[in-house]
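No value in this document is a laboratory result; all are computed from the given coordinates. Fair warning: this is a prediction, and the values are worked out from it, not measured in the lab. Cβ placement follows ideal geometry from the backbone for every residue including glycine, while neighbour counts extend to all protein chains displayed.
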Amino acid sequence: MTVAHRRTLDPATRLRDARESRGLSLRQVADATKLSVRALESLEHGNLSELPEDLYRRSIVRAVSRGVGLDPEQLLRECSSLTPDVLPAAPVVVRAEPQAATGVNRMLTLAGAVLPLLAGTLYFGAPGDVLSARIGRDDDQDFLVRY
């Protein structure tokens, strides 16, 4: 079979032909891909609507095409173009690039990290008599002795 002839075949027929040309049975491909024979039969007959929906359907097409030696992405594109309602094209994922921190953001981040450390060091690091002297409570001793 020529390359041009293979491209004119529908994806389901190409899958079946590729499997048969490798001498694989449906059971062997099912075992290798961890899919059911029924799912493979549906795929080889072009009944994509009988397969689980969305991401699972695309994964099944990828796994089987890889298992029989076909390009999975090309086969997915062909299936999507023939049956867009059953196997829509993959969604386009746009990733946002992280923005560089501005000067103000850097200062706020630095202050948010340094101020709690400074406060904790002063609170826990200062001796007790220094804190009471700073607060100015000389009458604390009298209060503790009375009660």
Neighbour-count order for V94, V37, fewest beta carbons within 10 angstrom listed first: V94, V37
Förster radius 41 Å - calculated FRET efficiency between R106 and S59 (Cβ-Cβ, nearest 0.05): 0.40
Approximate spin-label separation T83-D17, in nm, with each point projected 7 Å along Cα-to-Cβ: 1.9
In the range 18-112, the GluC sites (Glu not before Pro) that fall in loop regions by DSSP, at most 14 other Cβ within 10 Å: E53
Shape of the range 3-82, Cα gyration tensor, a/c cut at 1.5: oblate
Point-charge dipole on Cβ atoms (K/R +1, D/E -1) for the range 34-121, about Cα centre, debye to 20: 440
DSSP-assigned coil residues among trypsin sites (Lys or Arg not before Pro) in the range 9-113, each with at most 13 further Cβ atoms within 10 Å: R22, K34, R95
From phi via Karplus (6.51, -1.76, 1.60), per-residue ³J(HN,Hα) for the range 37-52 in Hz, x at Gly/Pro: 4, 4, 5, 5, 4, 4, 5, 6, 8, x, 9, 5, 5, 7, 8, x
